[in-house]
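Below is one structure, written out as C-alpha cells; comments come after it.
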Amino acid sequence: MEKIPWDGLYHILDKITPLAADCGKLCQKRCCSLREEGQGVYLFPGEEVLFPGGEDWYTIKEYGPGAGHFTGDRGLMLNCAGSCPRERRPLACRLLPLAPYMDSEGNLNIILDSDALFICPIVRAGDINLLETSFREGAARIWGELIRSSVIREGVRCYSARLDSQNSDPWTRLLGG
Ligand code: SF4
Ligand code: SF4
C-alpha cells in the first residue's frame, strides 16, 4: 500500500474548522454524539497506525469489506464515546461535512457529503459556499493526497458512482436529494 503522510494530512486541518465560528455549538456536536451504540468513525486504510491502543478514549473495531466510506477491504472503526483530545481526532472527523466526488474523467471535486444529511445542518443547508474557503481548500489538498492510494481512490470512485446512481433516481430528484 502507498505510504500516506498521516501527520502532514492531520496538520492541514488542525486549526481550520468548517465555519469561522465553532459549528459544534450550532448543532450540539451532532457528528460526535448522534450515533447508535457501537457505531463510530471509519478510519482510512492505514490510518490505524495512529491508534495503536492503550488509551482510554477510544476502541478500534474491525468490520468486513465495504463497511463504510473509503475503508478498503478491512474496514476499521474508531469508537470514541463522543469526546477526544482534539489534536488526535481522526481524518474523517476533520473532513466532515465534505466528501470527494470523482467525475468520469478522474477529476476530483469536493462536495457536501450527502451521507451526513441527517446529522449535519450544514449539509442540509445545501450550500458549500457557507464553509470557510480555507477549510474547503484544506479538504481538497487532503483528498488530493489520499487518492494517491489506489485503495482509497477506488473507494472514492465507488462513492462517486453511488452518488451518480442516486442522482439519476427519479425519486431522489423529486425529493431534491
Ligand atoms: S454535524 Fe456538521 S455542523 Fe455539527 S459539528 Fe459536525 S460538521 Fe459541524
Ligand atoms: S473522535 Fe473526536 S471529533 Fe471524532 S467523533 Fe469522536 S469525539 Fe467527535
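Read-outs: derived from the displayed coordinates by stated rules, not from any lab. Source: prediction; values computed, not measured. Neighbour counts are summed over all protein chains in view; Cβ atoms, including those assigned to glycine, are modelled from backbone coordinates with ideal geometry.
For the stretch 94-103, what does the Karplus curve 6.51 cos²θ - 1.76 cosθ + 1.60, with θ = phi - 60°, yield as ³J(HN,Hα) per residue in whole Hz, taken in order and with x for Gly and Pro?
Karplus values, whole Hz, x for Gly and Pro: 5, 8, 4, x, 9, 9, x, 10, 10, 7.
Among SER114, SER160, SER150, which one shows the biggest mean-square fluctuation in a GNM of the chain, springs joining Cα atoms closer than 10 Å?
In the Gaussian network model the winner is SER150.
Starting from the amide H of ILE111, placed 1.01 Å from N in the peptide plane, find each other amide H under 5 Å away whose residue is 5 or more places distant or on another chain.
The list, which skips near neighbours in sequence, is ALA99, TYR101.
If you add up the charges near ASN109, with Lys and Arg at +1 and Asp and Glu at -1, over every other residue whose beta carbon is less than 12 angstrom from its beta carbon, what do you get?
Around ASN109, the charge tally is -1.
Normalising by the residue count of the stretch 6-174, find the relative contact order in percent from Cα pairs under 8 Å and 6+ residues apart.
Over the stretch 6-174, the number comes to 25 percent.
With only Lys, Arg, Asp and Glu charged, each at its Cβ (+1 for the first two, -1 for the last two), find how big the charge dipole of the stretch 6-174 is about the Cα centre; round to the nearest 20 debye.
Dipole size: approximately 300 debye.
Quick one: among ALA125, ALA116, ALA140, which has the greatest mean-square fluctuation in a GNM of the chain with alpha-carbon springs under 10 angstrom?
For the chain, modelled as a Gaussian network with Cα springs under 10 Å, the answer is ALA125.
Can you tell me the dipole magnitude for the stretch 63-156 around its Cα centre, using point charges on the Cβ only (Lys, Arg +1; Asp, Glu -1), in Debye to the nearest 20?
Around 380 debye, computed over the stretch 63-156.
Please name which of GLY144, TRP57, GLY126 has its Cα lying farthest along the dipole of the chain towards the positive end, using unit charges on Cβ (Lys, Arg +1; Asp, Glu -1) and the Cα centre as origin.
Final value for the positive-end residue is GLY126.
Pick from PRO85, PRO121, PRO97 the residue whose mean-square fluctuation is largest in a GNM of the chain, springs joining Cα atoms under 10 Å.
PRO85
What FRET efficiency, computed as 1/(1 + (r/R0)^6) with R0 = 30 Å and r the Cβ-Cβ distance, is obtained for LEU108 and CYS27, rounded to the nearest 0.05?
Between LEU108 and CYS27 the formula returns 0.65.
If one puts a single equal scatterer on every Cα of the chain and applies the Debye formula without solvent, what log₁₀ I(q)/I(0) results at q = 0.13, 0.20 Å⁻¹?
Debye intensities relative to I(0), on a log10 scale: -0.66, -1.72.
Once amide H atoms are placed 1.01 Å from N in the peptide plane, what residues at a sequence separation of 5 or more from TYR42, or on another chain, have their amide H within under 5 Å of its amide H?
For TYR42, the qualifying residues are LEU78.
Calculate for the chain the 222 nm mean residue ellipticity that helices alone would give, adding -39,500 (n - 2.57) per DSSP H run of length 4 or more and normalising by residue count, nearest 500 deg cm²/dmol.
Only helices count here, giving -9500 deg cm²/dmol.
Using each residue's phi in the stretch 46-51, evaluate 6.51 cos²θ - 1.76 cosθ + 1.60 at θ = phi - 60° and report the 3J(HN,Hα) Karplus result to the nearest Hz, with x for Gly and Pro.
Per residue, the Karplus-derived 3J(HN,Hα) values read x, 5, 4, 4, 7, 10 Hz.
Report P(r) for the stretch 75-177: all Cα-Cα distances, bin width 5 Å, range 0 to the bin holding the largest distance, values in whole percent.
Binned Cα distances yield the sequence 2, 11, 18, 23, 22, 15, 6, 2, 0.
May I ask you to compute the full-extension gain from THR59 to CYS93, defined as 0.36 nm times their residue separation minus their alpha-carbon distance, rounded to one decimal in nm?
10.7 nm
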